[in-house]
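Asker: Dropping the structure in here first, questions after.
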Protein chains: 2
Amino acid sequence: MNACILAVGSEMLTPFRVDTNSLIVTERLNQIGFDVRLKAVVADHVDELRRVVEGALAWADVIVITGGLGPTEDDITRDAVAAVLGVPLDVDEAIVDRIRTRFARRGMTMPEINRRQGMVPRGAVVLENANGTAPGLWVEHGQTAIVLLPGPPREMTPMLDAVICDRLASRAGTRCLFRRVLRITGRTESDVDAAAQPVYSTWATRSVPITTTILAALGQIELHLTAAAASKAEADAALDAATAEMQAVLGVSIYSTDGRPLEAVIGDMLRERHMTIAVAESCSGGLLASRLTDVPGSSAYVERGVVCYSNTSKTELVGVPPSLIDAHGAVSEPVAKAMAEGIRGRAGTDIGIGITGIAGPDGGTPEKPVGTVAIAVVVGDTVRVRTFPFIGPRDMVKFQSAQAAMNMLRLILLKSDAPFWPSKSRD
Amino acid sequence: MNACILAVGSEMLTPFRVDTNSLIVTERLNQIGFDVRLKAVVADHVDELRRVVEGALAWADVIVITGGLGPTEDDITRDAVAAVLGVPLDVDEAIVDRIRTRFARRGMTMPEINRRQGMVPRGAVVLENANGTAPGLWVEHGQTAIVLLPGPPREMTPMLDAVICDRLASRAGTRCLFRRVLRITGRTESDVDAAAQPVYSTWATRSVPITTTILAALGQIELHLTAAAASKAEADAALDAATAEMQAVLGVSIYSTDGRPLEAVIGDMLRERHMTIAVAESCSGGLLASRLTDVPGSSAYVERGVVCYSNTSKTELVGVPPSLIDAHGAVSEPVAKAMAEGIRGRAGTDIGIGITGIAGPDGGTPEKPVGTVAIAVVVGDTVRVRTFPFIGPRDMVKFQSAQAAMNMLRLILLKSDAPFWPSKSRD
């Protein structure tokens with residue numbers, strides 16, 4: 001079963017904005033067995049949208065159109081679809097009444113222009129919008145279903161789920177796509193692929209075939225497994241087996257198999273162990289603390305953080321002796337270690353982390369080029385310190401620093417001796 | 001002059017990946033007067049790509065296709081375009097030699113499969129790729145130019161610039177599009193639009209017409225002005241005048257007219273004034289420090305930051321008296337003020353900021369619901385404290401907290417009495 005997804009809106013044809021609704025629509029359509037073969041962004045122009053919809057009618061079993069259902073002259077999706085069907089637009093007074101009531105509830109009078117949102121191609125089914133004024137519409141043309149949904153994601157998503165459940169699932173194919181995301185850090189993409197390829201290459205021809213995609217960024221690699229199966233149970237069994245095979249070759253470098261980010265994995269580990277953490281950051285500038293506190297409920301284990309950007313603050317906030325900075329430089333393993341121990345001692349936490357490095361673009365030297373970052377993690381009697389040679393621009397050096405620090409902590413808590421990072425780091 | 005942009009690759013039809021090449025292609029095409037009317041992502045399938053290209057031939061003056069030029073069976077762009085043109089594919093041995101040399105330079109033998117990258121639809125012009133093995137191709141069909149470029153952005157972008165300069169600019173329209181981005185904080189979208197609409201509505205009919213788009217997120221609004229002009233000088237004059245008109249009605253709530261983020265604006269202000277800053281954060285969890293230190297060279301003015309997440313740390317790190325927390329609660333204006341004054345005193349900086357609030361999803365009370373955030377900014381003898389009622393999920397409360405704190409500082413430094421935020425904040 002083939003699907004086409006269209007996003008209507010000239011603002012998505014500028015250099016500033018991409019359509020992201022289609023990612024949600026793709027996920028949901030895949031789950032019920034539709035294969036997305038084409039997605040497009042179309043300008044706010046009746047004839048242009050009409051042309052694209054007519055083109056898709058030739059091959060698509062479902063066409064999902066988001067956007068262009070607002071009240072203004074620019075909102076042309078209703079008109080274009082009515083033109084495709086060759087039917088007139090009627091005003092549905094029940095819709096207009098609902099919109100009027102919605103405005104009244106907020107003490108406002110409905111502007112007359114909003115009557116446009118009550119216009120319905122004759123014969124269309126109206127899909128209720130619990131979170132906005134624009135209703136959705138369902139029409140059929142030959143064998144093709146056409147679904148019109150509003151553009152704002154918080155309106156679109158629940159309406160999509162409802163129409164999938166009520167109308168689309170029963171038209172869908174017998175094989176659905178189910179996905180799993182394995183997240184990995186501490187290894188390079190080529191290293192991961194060399195280890196993983198002999199494994200995933202055997203999956204494509206199984207009774208429940210699984211395809212694999214690698215997405216790599218600095219400090220984070222994702223393996224996306226997609227199983228085509230008749231049911232979620234069948235897919236889950238195949239994906240569980242595949243995940244286990246991948247864990248057998250990639251080991252603890254896989255930090256999550258359920259999409260959780262590294263800070264959430266760390267949070268769960270600390271909560272389970274009833275441990276608390278404090279961090280002292282220089283070059284990462286607060287990014288580690290900010291990521292740790294992105295996790296709801298992190299106040300249960302994050303006691304404090306300090307950003308000791310100046311040398312004075314390293315001494316005042318975490319007690320790094322000025323003589324240590326003089327002897328080794330602010331970016332050095334002894335200073336990172338003193339930061340980790342200092343913050344842990346002052347905060348009275350179980351864990352301390354210290355990060356000091358050169359984020360760039362300036363400040364590098366031949367011995368310590370931009371990207372050189374020393375990280376220390378202290379847990380109980382365990383003290384681990386490493387110097388990493390990160391690459392990329394300032395924001396990526398900050399990201400890799402936070403990522404490597406969390407991965408060091410994770411491996412210490414797992415009592416693993418896996419390498420922290422794919423680097424020429426000293427041991 | 002109308003343009004169509006196609007991205008070829010089934011991986012961009014998954015829920016995980018969007019096409020971003022089209023943003024670069026759009027920007028460059030706009031600059032030479034092409035209007036992008038449609039963009040689409042097409043699967044790796046000869047007949048499907050052929051169908052889409054044939055559809056676009058009916059109306060597009062240029063079709064730019066990225067991706068699908070690699071050496072594998074999945075790379076079908078060459079085949080599809082040859083099919084559209086009704087011409088055979090010939091192997092261009094000069095291309096194969098270049099690819100072979102490229103491999104040899106890295107001490108490798110060219111795999112035979114790479115001969116596919118030397119295949120050229122008869123009559124096509126080959127576009128050199130300085131950064132990869134896949135050459136680009138230029139073909140014409142009727143009045144339409146078709147440009148084939150490889151998918152990786154670092155290969156695609158310089159090839160695009162070359163083909164625009166060498167071939168496309170001369171076919172382009174006489175009116176090109178030039179853009180300017182005004183960034184605004186401290187006001188709601190509806191408030192900004194109410195003030196701005198009477199101004200920008202007069203622009204569309206001028207001799208250099210300017211169209212305006214508003215992009216709004218919580219705590220940040222952008223006005224995108226697009227001028228259609230015969231030259232950059234003409235566009236710049238019109239955009240300068242339009243920017244000045246907008247500044248006359250929106251005043252200091254416009255914090256940048258050149259795309260700089262708020263932290264870079266703050267950085268420039270502090271550098272000009274030779275001032276230093278230290279911040280004490282609770283609910284924002286280090287995000288303010290991290291954003292301030294995202295700016296290259298920020299170590300010149302960021303002295304330190306602390307994330308005092310626990311009450312103990314508020315007392316130990318910035319000297320908030322426990323009695324003050326007992327009397328007013330940790331989320332209160334007196335505590336925010338004590339944090340700002342405490343961090344400034346200990347750091348010896350010119351400026352101190354204190355942020356304390358409830359990021360959610362838990363921790364709210366009827367008097368202090370989730371999103372309640374008290375922020376204090378201390379500069380010289382000036383002390384400003386406000387309580388903000390932010391909305392949205394945890395990450396957006398953190399973002400708005402950092403944004404509002406920087407905007408308070410900006411307005412104090414500008415000696416402006418403009419409101420800090422569109423809120424029922426106490427004065």
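Asker: Calculate the FRET efficiency for B:Glu189 and B:Glu27 from the Cβ-Cβ distance with a Förster distance of 30 Å, rounded to the nearest 0.05.
Answerer: Numbers: r = 25 Å, r/R0 = 0.82.
Given R0 = 30 Å and the Cβ-Cβ separation, E is 0.75.
Asker: In addition: Could you work out how far the C-alpha centroid of the stretch B:258-298 sits from that of the stretch B:1-63, in angstrom?
Answerer: 39
Asker: I've got another one for you. Of all beta bridges DSSP finds with both residues in chain B, what is the antiparallel percent, to the nearest 5? List each step's numbers first, then the result.
Answerer: Numbers: 45 of 72 bridges.
If I count the DSSP bridges inside chain B, around 60 percent turn out antiparallel.
Asker: How would B:Thr101, B:Thr174, B:Thr382 rank on accessible area, largest to smallest, probe 1.4 Å?
Answerer: On the way: B:Thr101 75, B:Thr174 115, B:Thr382 55 Å².
Greatest to least solvent exposure: B:Thr174, B:Thr101, B:Thr382.
Asker: State, as an integer percentage, the relative contact order of the stretch A:105-230 based on alpha-carbon contacts under 8 Å between residues 6 or more apart.
Answerer: Numbers: 144 pairs, mean separation 23.4, N = 126.
Relative contact order here is 19 percent.
Asker: Something else now. What nm value, rounded to one decimal, do you get for the distance between B:Arg271 and B:Ala217 when each label is placed 7 Å out toward the C-beta?
Answerer: 2.3
Asker: For chain B, just the Cα set please: Rg and Dmax, both in angstrom.
Answerer: Using the Cα atoms of chain B, the pair Rg, Dmax is 27.7, 84 Å.
Asker: Let me ask something else. Kindly report the accessible area of the protein assembly as shown per residue (heavy atoms of protein chains, probe 1.4 Å, no ligands, DNA or RNA), in Å². Mind showing how you got there, number by number?
Answerer: Working: 33510 Å² over 854 residues.
Value for the protein assembly as shown: 39 Å² per residue.
Asker: To check my understanding: the extent here is largest minus smallest coordinate of the Cα atoms along each principal axis. What are those three numbers for the stretch A:1-87, in Å, largest first?
Answerer: 36, 34, 19
Asker: Let's test the formula: R0 of 35 Å, r as the Cβ-Cβ distance of A:Phe103 and A:Phe16. What FRET efficiency results, to the nearest 0.05?
Answerer: Working: r = 31 Å, r/R0 = 0.88.
Step by step, r from the Cβ atoms, then E = 0.70.
Asker: Could I ask something else about it? How many partner chain Cβ atoms sit within 10 Å of a residue's Cβ in peptide A:294-301, on average, as a whole number?
Answerer: Numbers: counts 7, 2, 7, 4, 4, 8, 1, 1.
Shielding by partners across A:294-301 averages 4.
Asker: Also, quick follow-up: Rounded to the nearest percent, how much of the accessible area of the stretch A:273-334 (1.4 Å probe, protein heavy atoms only) is carbon and sulfur? Before the final figure, lay out the partial values.
Answerer: Details: 1120 of 1950 Å².
In the stretch A:273-334, the share of accessible area belonging to carbon and sulfur is 57 percent.
Asker: Output, in nm with one decimal and in ascending order, the distances from the A:Glu272 label point to the matching label points of the other copies (7 Å from Cα along Cα-to-Cβ).
Answerer: 5.3
Asker: On a 1.4 Å probe surface of the protein chains, which of A:His141, B:His274, B:His224 comes out largest in accessible area, and what is the full order? List each step's numbers first, then the result.
Answerer: Working: A:His141 75, B:His274 160, B:His224 10 Å².
Largest accessible area first, the residues go B:His274, A:His141, B:His224.
Asker: Filter the cross-link list B:Lys337/B:Lys398; A:Lys415/B:Lys314; B:Lys314/B:Lys398; A:Lys398/B:Lys398; A:Lys232/B:Lys39; A:Lys314/B:Lys398 down to pairs whose alpha-carbon distance in this structure exceeds 29 Å. The partial results should precede the final answer.
Answerer: Details: B:Lys337/B:Lys398 19 Å; A:Lys415/B:Lys314 33 Å; B:Lys314/B:Lys398 18 Å; A:Lys398/B:Lys398 19 Å; A:Lys232/B:Lys39 34 Å; A:Lys314/B:Lys398 26 Å.
Beyond 29 Å: A:Lys415/B:Lys314; A:Lys232/B:Lys39.
Asker: Okay, moving on. What is the diffusion coefficient of the stretch A:190-235 in µm²/s, taking the Kirkwood radius over Cα pairs and the Stokes-Einstein relation at 20 °C with a viscosity of 1.002 mPa s? Could the numbers behind the result be given before it?
Answerer: Working: Rh = 11.7 Å.
Diffusion coefficient, whole number: 184 µm²/s.
Asker: Provide the percentage of antiparallel DSSP beta bridges, counting only those with both residues in the stretch B:1-132; round to the nearest 5. Walk me through the numbers on the way to the answer.
Answerer: Values: 3 of 15 bridges.
Looking only at bridges with both residues in the stretch B:1-132, the antiparallel portion is about 20 percent.
Asker: Need one value for A:50-56: mean number of C-beta atoms belonging to other chains within 10 Å of its residues' C-beta atoms. Let's see the in-between values first.
Answerer: Values: counts 0, 4, 4, 0, 1, 5, 1.
Shielding by partners across A:50-56 averages 2.
Asker: Okay, next question. Keeping every protein chain in place, order A:Thr213, A:Thr293 by accessible area at 1.4 Å, biggest value first, i.e. largest first. Please list the in-between numbers first.
Answerer: Values: A:Thr213 50, A:Thr293 0 Å².
Most to least solvent-accessible, the answer reads A:Thr213, A:Thr293.
Asker: Whole angstrom only: what separates the Cα centroid of the stretch B:193-222 from the Cα centroid of the stretch B:300-318?
Answerer: 41
Asker: If you don't mind, another one. Report the A-B buried area as the accessible area lost on both sides summed, probe 1.4 Å, in Å² to the nearest 100.
Answerer: Protein heavy atoms only, the A-B interface buries about 4900 Å².
Asker: Moving on. Please give the direction-averaged projected area of the C-alpha convex hull for the stretch A:127-169, in square nanometres with one decimal.
Answerer: Working: hull surface 11.5 nm².
The orientation-averaged projected area of the Cα hull of the stretch A:127-169 comes to 2.9 nm².
Asker: Ok, one more. Consider just the alpha-carbon atoms of the stretch A:1-50 and return their Rg together with their Dmax, both in angstrom.
Answerer: 11.9, 33
Asker: From the convex hull of the Cα coordinates of the stretch B:1-151, what is the mean projected area in square nanometres?
Answerer: Working: hull surface 36.5 nm².
Averaged projected hull area, Cα only: 9.1 nm².
Asker: Here is a further query. With only alpha-carbon pairs counted, each pair once and no self-pairs, how large is the Kirkwood hydrodynamic radius of the protein assembly as shown in angstroms? Don't skip to the answer; put the middle values down first.
Answerer: Numbers: mean 1/r = 0.0337 Å⁻¹.
About 29.7 Å for the protein assembly as shown.
Asker: Separate question: Can you give me the Rg/Rh ratio for the stretch A:228-291, using Cα atoms for both radii and the Kirkwood formula for Rh?
Answerer: Working: Rg = 16.8 Å, Rh = 14.7 Å.
Radius of gyration relative to Kirkwood radius: 1.15.
Asker: Counting each pair of different Cα atoms once, what's the Kirkwood radius of the stretch B:357-427 in Å, rounded to one decimal? Walk me through the intermediate numbers first.
Answerer: Working: mean 1/r = 0.0795 Å⁻¹.
The answer is 12.6 Å.
Asker: Counting pairs of alpha carbon atoms under 8 Å apart in space and at least six apart in sequence, what relative contact order in percent does chain B give?
Answerer: Details: 831 pairs, mean separation 45.0, N = 427.
It rounds to 11 percent for chain B.
Asker: Let me ask something additional. Compute the separation of the alpha-carbon centres of the stretch B:372-389 and the stretch A:81-121 and state it in Å as a whole number.
Answerer: Cα centroid to Cα centroid, the span is 45 Å.
Asker: Could you list the square roots of 5 times each eigenvalue of the Cα gyration tensor of the stretch A:65-122, that is, the equivalent ellipsoid semi-axes, sorted largest first and rounded to whole Å? List each step's numbers first, then the result.
Answerer: Working: eigenvalues 105, 29, 13 Å².
The equivalent ellipsoid of the stretch A:65-122 has semi-axes of 23, 12, 8 Å.
Asker: Determine how large the accessible area of A:Glu93 is when every protein chain is in place; take a 1.4 Å probe and give Å² rounded to the nearest 10.
Answerer: 90
Asker: Rounded to the nearest 10 Å², what accessible area does B:Asp44 have for a 1.4 Å probe in the complete protein model?
Answerer: So the heavy atoms of B:Asp44 present about 40 Å² to solvent.
Asker: Just for the protein assembly as shown, what percent of DSSP beta bridges are antiparallel, to the closest 5? Mind dumping the intermediate values first?
Answerer: Numbers: 99 of 153 bridges.
Bridges in the protein assembly as shown that DSSP calls antiparallel: roughly 65 percent.
Asker: Suppose we take every Cα in the stretch A:314-412 and form the convex hull; what volume per residue is that in Å³?
Answerer: Values: hull volume 9.4 nm³, N = 99.
Dividing the Cα hull volume of the stretch A:314-412 by its residues yields 95 Å³.
Asker: Other chains near A:15-25: what is the mean number of their Cβ atoms within 10 Å of each residue's Cβ?
Answerer: 5
Asker: Let me ask something additional. 7 Å along Cα→Cβ for the label point: how many nanometres lie between B:Ala217 and each equivalent label in the other copies, listed shortest first?
Answerer: 1.3
The values are calculated or read from the model by the stated rules, or taken from the named source; none is laboratory data. Keep in mind that this is a model prediction, so the values were computed, not measured. All Cβ positions, even for glycine, are placed from backbone atoms using ideal geometry, and neighbour counts span all protein chains on display. Note: areas computed on protein heavy atoms with side chains; ligands, DNA, RNA excluded. Shrake-Rupley method; radii C 1.70, N 1.55, O 1.52, S 1.80 Å.
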